[in-house]
Amino acid sequence: MTTIRRFCCNDLLRFASVNLDHLTETFNMSFYMTYLARWPDYFHVAEGPGNRIMGYIMGKVEGQGESWHGHVTAVTVAPEYRRQQLAKKLMNLLEDISDKIGKAYFVDLFVRASNTPAIKMYEKLGYVIYRRVLRYYSGEEDGLDMRKALSRDVEKKSIIPLKRPVTPDELEYD
Amino acid sequence: MASKLGLAGGIPERRVRPIWDAIDSRQFKNALKLTTTLLSKHLHSPYALALKALILERMGKPDEALSVCLNAKELLYKNESLLMDDLTLSTLQIVFQRLDHLELATSCYEHACGKFPNNLELMMGLFNCYVREYSFVKQQQVPIKMYKLVGEERFLLWAVCSIQLQVLCGNGGEKLLLLAEGLLKKHVASHGLHEPEALIVYFSILEQQAKYGDALDILGGKLGSLLMIEVDKLRIQGKLLARAGDYAAAANVYQKILELCGDDWEAFLHYLGCLFEDESSWASETINTPINPPKYVECKLTHLTDEVFDSCVENASAFVQKLQAEASNDSLRNPYLSHLEIERRKCLFRKNNDDNLVEALLQYYSRFGHLACFTSDVEAFLQVLPPEKKMEFLDKLMKNSNSLSVVPTRALGQSITLLKTQELIGNMFNLPVAELEGSAVQMAELYCKNLPLSKDLDPQESMHGEELLSIVCNVLVQLFWRTRDLGYFIEAIMVLEFGLTIRRYKSLDVKNILMETASHHILPQMLASPLWADLSNLLKDYLKFMDDHFRESADLTFLAYRHRNYFKVIEFVQFKERLQHSNQYLVARVEAPILQLKQSADNIEQEESILESLKCGADFIELSNEIGSKSLTFNEDFQSRPWWTPTTEKNYLLGPFEGISYCPKENLTKEREENVRGFIERKSLLPRMIYLSIQSASVLYKDNSEINGSLADPKISTELKALLERYAKMMGFSLNDAIDVVVGVSRGLKPYEVFGSDVIDWLNFAVFFNAWSLSSHDSGQQGGERTPGSWHVVNSLLENYILGKLRSIGPLIQSPQGDLPILVKLVTEPLAWHGLVIQACVRTFLPSGKKKKKSGSTDQSISLLSNAVRDAIQGLCSVLEEVAKWSQDQIKIPEDNKIDLLVSSLKRNGGAGKVFNILETLASSPNETQLGDRISQALRSWSPVDVGRKIVTGQCRVLSEFWRICESRIKSLKTLKQQIAQV
């Protein structure tokens, strides 16, 4: 019951039911449109009957050399469609695209250190905590940088956890 | 170029860097100082000047910035030997753009490109300029030159996109597509293609010309391998085959897609479309395609014979069974919904398949009934059933409710689904009051019983059974409809607040694009509210968001060009157009200045300066002229709205409105489009009519030579008359008939009811008619009265209507549904505009020193008029005093009394309060072991009195603002009274 297709501008007008949830951030227009203009393959939406938005994933691919990687900027599912493994489907899609089209070494994401349900979900999907980023969220809460290695990283070097936490200005990308 | 040599715009880079650093760290003063030093060494450097302009603009000195920019531009043009580098030009471009002078930036680049014809960097800059100006034709010509110069694929695609834009968004004929196709064909023959996006553009060019076969050949050939994801390729192939009419082959392709992605609903619909040879499945979107299309999937079946239909259904069923068998996990809904869709089509074709559809729905319930999306999944299928079959389905479901799942959360989900289905079918409208109330009670009990399930949930997660509270709330609204017992409203609010106590939401964060899709929840109500500061912020934020997007959208389009995502280029331009046609945006653009005019209506000088900033309303007249032929878009998200939410047209809370709960509201779009168009057409005349009315009253008895404006007396009168004619026509009358209506009502010969729902418009009309009479020489014949007559008409219309309202309005706390919004409108619109006419008249009476002595006959007219004005002031004053007194009386009732009144409405015997009692009982003694710490604590903090206080405080705030508006209006009228006494 889910058509997963590339996100398009008109979906911005359909995603209110997803974004009114207080854990989903509504970014400014140039943020969404920059992602659409630069990484349209990494921005997908799941749609149910009647063009209802069930959820979406937004990401990009960036980095240099062996840190060339896919990044999950946001993944979210509407309350009505939760507990149907939709987030997993969307994550798998982004991993697949990062792997096959992007030829990336790994996929990473940031999550609030307090968001236990989300961390558990990502762990189930094969992500490991790579490092802790101190006061990543508005200078208040720590973030966790979680990673999953892709086929190009044969030795899984990219996901060996760092021993010490880092500060936001030490991050290579934002 | 220059920068490669360590030079920036001809200046050593090390000298420029500190300036940029200062700009980046927002130290503009320092940056300016450094630039001044730089300019002393490089007196005639356009780049240094461009930097200075940039800094000045950032410092908020646009005029100076513009003049420096123009200076730089002049130097660039004059000095042949100077470098024409992109750095200088792009810096100038930034400043020109921020100063809203795109055309100047464009002409700089045009000049530069003329001088250095083969410079790729400059050409790119020029292309960028045309993208910003949305000049699609010029935008095509530049990259063609670039392509000829270097033969790069991307420049060719830039040109091709520009051609597509001419066809889709400009006025280019479809023949242009042939040109685009030719260009691509030639390039492919010599160079091939390297970007998948380029291939997609190629397909769309062919598709738009219906050359599906050609596209299919390309897809099957070597170029097809550019598309790396198999499903993407199949989707294109299926669509092309179907559009080419080869449905059998297309059906096979869609089968393949479904075998790869068993859950793809759209693919299934296309698959059916192919089997039934129904091309409506591939209709293309236009700019005003609704953003949330009707849930009902359009399909065409009438062209099929019985045999063909049967064999199609047989094939489809066999395939769906296979999909069901192969479905690896239980959560795949698609194969089962597909079965429903087949049964639905059978119903549509034969009309005797209802029982099978009901059976299929029951099966779907047994599998997915626990999911929150069950009802929205089945909505479209229920729609084809006749009412009695819907009821039959519901009855069967209800019997099922005895055999719920053993897993508690699942069982809860199933129970909620039952209730939601009952609501969807509209059954609740037919239940007797007692039964309806009984079901609300049951729901509340179910909620309480299941609350322990949420014991261990994170406070941020949604609670199990939360939805029950909103269904209860819907039922309570219906109970109000039936009984008119206000207690049910209060109870509904209590229920929602109760839910919020347990799950603490922050306030809804409506920002960015959500302002376009979610503002409708409050905007219509705010427009009728006296909370002007809040309304002003709402409008300002929203308009800023939209205008910012319109400003930056072209830059983002260029970004898509640069990153070779050509398809997004078209999408971005179309999206911008969709937002520009947004009905809400157009309404806000009209309402924002009208709000300003309302806010300053007590002070004619301020009002005049606002009018001046609005070009005396001229732009709005243009909008009013255009709106009839403009297509409007409706981007509001109605799915998140309860069905009883009041709209601009109807206050659903005041029901009963049969069938509203299951009537898909998006079907009303056509009707709404007409309404909004009419509304904008009428409202946007207001600023100009206000302006002309003031003029009309100001030129009265003055020498024409004293008038500053360009309008001379007869012109004002003629234009105002023309607008009055238009205004009357919009209300369905000729000018003379409309005048007869207002005169008739004012004399009590006709009832106010003849105004219908347009009272405010009629009263505005009367006000402007009076203003026009002041300067018109033919009003005597038109209205059958001279000046004092038309004054009398307006005065008595306003007085009688407002006082009538006041007499019928009850205490606000007991009848919140009453006439407050209309009262606010009366005071802040027609009465305010009338006040302005009065102010303008009084101003002309006052000796300005320059005036010559008027002749005797004029003196007589003046005294006639001043008497009329005096009466008007007196009349308005006493009306406003009544209104202010009423507001004050409401405010003065002690808060505790009001809260008591609210809470006690829930504690009477027989009537509202049964649901409330259940929740109260739960909150008074929460079972901590069952509910856990957090929920128990939340329950203990529940306080109905606090909710009551919130309601009362809110109401008081509104009343106080209204009272303040009345008071300030009274004060201003009293001043006028004193002034006129001296005449």
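The values are calculated or read from the model by the stated rules, or taken from the named source; none is laboratory data. Remember, predicted model here, so these are calculated numbers, not experimental data. Glycine also receives a Cβ, built like all others from the backbone with ideal geometry; neighbour counts cover every protein chain displayed.
For the reader, a short list of remarks on this structure follows.
- Lone unmet requirement of (1) on the phi < 0 side of the Ramachandran plot; (2) part of a helix (DSSP H, G or I); (3) not charged (D, E, K, R) for B:TRP942: (2)
Condition check ((1) at pLDDT below 95; (2) farther than 29 Å from B:GLN574 by Cα) across all residues:
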{"site": "B:GLU591", "(1), (2)": "no, no"}
{"site": "B:ILE594", "(1), (2)": "no, yes"}
{"site": "B:LYS598", "(1), (2)": "no, yes"}
{"site": "B:ILE610", "(1), (2)": "no, yes"}
{"site": "B:CYS616", "(1), (2)": "no, yes"}
{"site": "B:GLU626", "(1), (2)": "yes, no"}
{"site": "B:SER631", "(1), (2)": "yes, no"}
{"site": "B:ASN635", "(1), (2)": "yes, no"}
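- Candidate set from the range A:61-90 (those that are small (Gly, Ala, Ser) and surrounded by 20 or more Cβ atoms within 10 Å (Cβ to Cβ)); member that is farthest from the other protein chains (Cβ to nearest Cβ): A:GLY70
- Taking residues in the range B:55-75 that are free of Cβ contacts under 8 Å to residues at least 60 places away in the same chain, and partners anywhere that are of a type in the set (Asp, Glu), the pairs with Cβ atoms closer than 7 Å and at least 6 places apart or on different chains are B:LEU56/B:GLU64; B:ALA65/B:GLU57.
- Selected residue (criterion: surrounded by the most Cβ atoms within 10 Å (Cβ to Cβ)) from residues of the range B:350-395 that are small (Gly, Ala, Ser) and part of a helix (DSSP H, G or I): B:ALA360
- Of all residue pairs spaced 6 or more apart or on separate chains, those with beta-carbon atoms under 6 Å, a first member in the range B:214-230 that is within 14 Å of chain A (Cβ to nearest Cβ) and a second member that is surrounded by 12 or more Cβ atoms within 10 Å (Cβ to Cβ) and in a helix (DSSP H, G or I) are B:LEU226/B:PRO196; B:LEU226/B:LEU199; B:LEU227/B:PRO196; B:LEU227/B:LYS233.
- Every pair of residues 6+ apart whose Cβ atoms lie under 7 Å, when the first sits in the range B:738-757 and is assigned by the TED database to the domain that holds B:TRP791 while the second is of a type in the set (S, T, N, Q): B:ILE739/B:GLN782; B:SER746/B:SER796
- Among the criteria (1) touching a His at 6+ places or on another chain (Cβ under 6 Å); (2) in a loop (DSSP other than H, G, I, E, B), the one B:VAL320 does not fulfil is (2).
- Candidate set from the range B:293-315 (those that are away from chain A (no Cβ under 13 Å) and in contact with an Asp or Glu (Cβ under 9 Å, 6 or more places away or on another chain)); member that is modelled with the lowest pLDDT: B:CYS299
- Scanning the range B:495-553 for residues that are in contact (Cβ under 8 Å) with a residue 40 or more places away in the chain and of a type in the set (D, E, K, R) turns up B:GLU497, B:ARG503, B:ARG504, B:GLU516, B:LYS540.
Table: residues versus (1) away from chain A (no Cβ under 14 Å); (2) under 20 Å from B:GLU341 (Cβ atoms).
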residue	(1), (2)
B:SER366	yes, yes
B:CYS373	no, yes
B:GLU379	no, yes
B:LEU394	yes, no
B:ASN400	yes, no
B:SER403	yes, no
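- Residue list for the range B:232-265, restricted to those being within 13 Å of another protein chain (Cβ to nearest Cβ), of a type in the set (Asp, Glu) and surrounded by fewer than 19 Cβ atoms within 10 Å (Cβ to Cβ): B:ASP232
- One residue from A:THR26, A:THR34, A:THR3 being surrounded by fewer than 24 Cβ atoms within 10 Å (Cβ to Cβ) and touching a strand residue (DSSP E or B) at 6+ places or on another chain (Cβ under 6 Å): A:THR3
- Hits in the range A:94-117 - residues which are crowded, with 19+ Cβ neighbours inside 10 Å and either away from chain B (no Cβ under 14 Å) or small (Gly, Ala, Ser) (or both): A:SER98, A:GLY102, A:ALA104, A:TYR105, A:PHE106, A:VAL107, A:ASP108, A:LEU109
- Counting only helices (runs of 4 or more DSSP H) that sit completely within the range B:499-587, those holding 2 or more residues that are farther than 24 Å from B:PHE679 by Cβ and at the interface with chain A (Cβ under 8 Å from one of its Cβ atoms) correspond to B:532-562, B:566-580.
- Residue within the range B:413-428 that is touching a His at 6+ places or on another chain (Cβ under 6 Å) and crowded, with 20+ Cβ neighbours inside 10 Å present: yes
- When each of B:CYS373, B:CYS448 is tested for being touching a helix residue (DSSP H, G or I) at 6+ places or on another chain (Cβ under 6 Å), modelled with pLDDT of 95 or more and over 25 Å from B:PHE657 (Cβ atoms), the lone residue that passes is B:CYS448.
- Among the conditions (1) assigned to a helix (DSSP H, G or I); (2) within 14 Å of another protein chain (Cβ to nearest Cβ); (3) at pLDDT 95 or above, B:GLU491 misses just one, which is (2).
- Taken together, the residues in the range A:42-100 that are free of Cβ contacts under 8 Å to residues at least 40 places away in the same chain and part of a helix (DSSP H, G or I) amount to 10.
- Residue match in the range B:447-454 (condition: over 19 Å from B:ALA492 (Cα atoms), within 14 Å of another protein chain (Cβ to nearest Cβ) and not in a helix (DSSP H, G or I)): no
- Subset of the range B:589-613 [part of a loop (DSSP other than H, G, I, E, B) and surrounded by 19 or more Cβ atoms within 10 Å (Cβ to Cβ)]: B:ALA601, B:ASP602
- Of the residues making up the range A:46-60, those that are among the hydrophobic types (A, V, I, L, M, F, W, C) and more than 12 Å from every other protein chain (Cβ to nearest Cβ) are A:ILE57, A:MET58.
- Selection of first residues in the range B:330-347 that are within 14 Å of chain A (Cβ to nearest Cβ) and farther than 13 Å from B:TYR271 by Cα and of second residues that are among the polar types (S, T, N, Q) and surrounded by 22 or more Cβ atoms within 10 Å (Cβ to Cβ), restricted to Cβ pairs under 6 Å at least 6 apart or on distinct chains, gives the following pairs, ordered by first then second residue: B:SER331/A:GLN84.
- The range B:473-494: number of residues that are over 23 Å from B:VAL952 (Cα atoms) and either crowded, with 19+ Cβ neighbours inside 10 Å or without any contact (Cβ under 8 Å) to a residue 24 or more places away in the chain (or both): 2
- Residues of the range A:1-23 satisfying the condition of being more than 9 Å from chain B (Cβ to nearest Cβ) and in a loop (DSSP other than H, G, I, E, B): A:PHE7
- Residue, farthest from the other protein chains (Cβ to nearest Cβ), within the range B:352-364, restricted to residues that are touching a helix residue (DSSP H, G or I) at 6+ places or on another chain (Cβ under 6 Å) and within 18 Å of B:ALA327 (Cβ to Cβ): B:ALA360
- Conditions (1) at pLDDT 90 or above; (2) in a loop (DSSP other than H, G, I, E, B); (3) crowded, with 16+ Cβ neighbours inside 10 Å; (4) of a type in the set (A, V, I, L, M): number failed by B:LEU749: (3)
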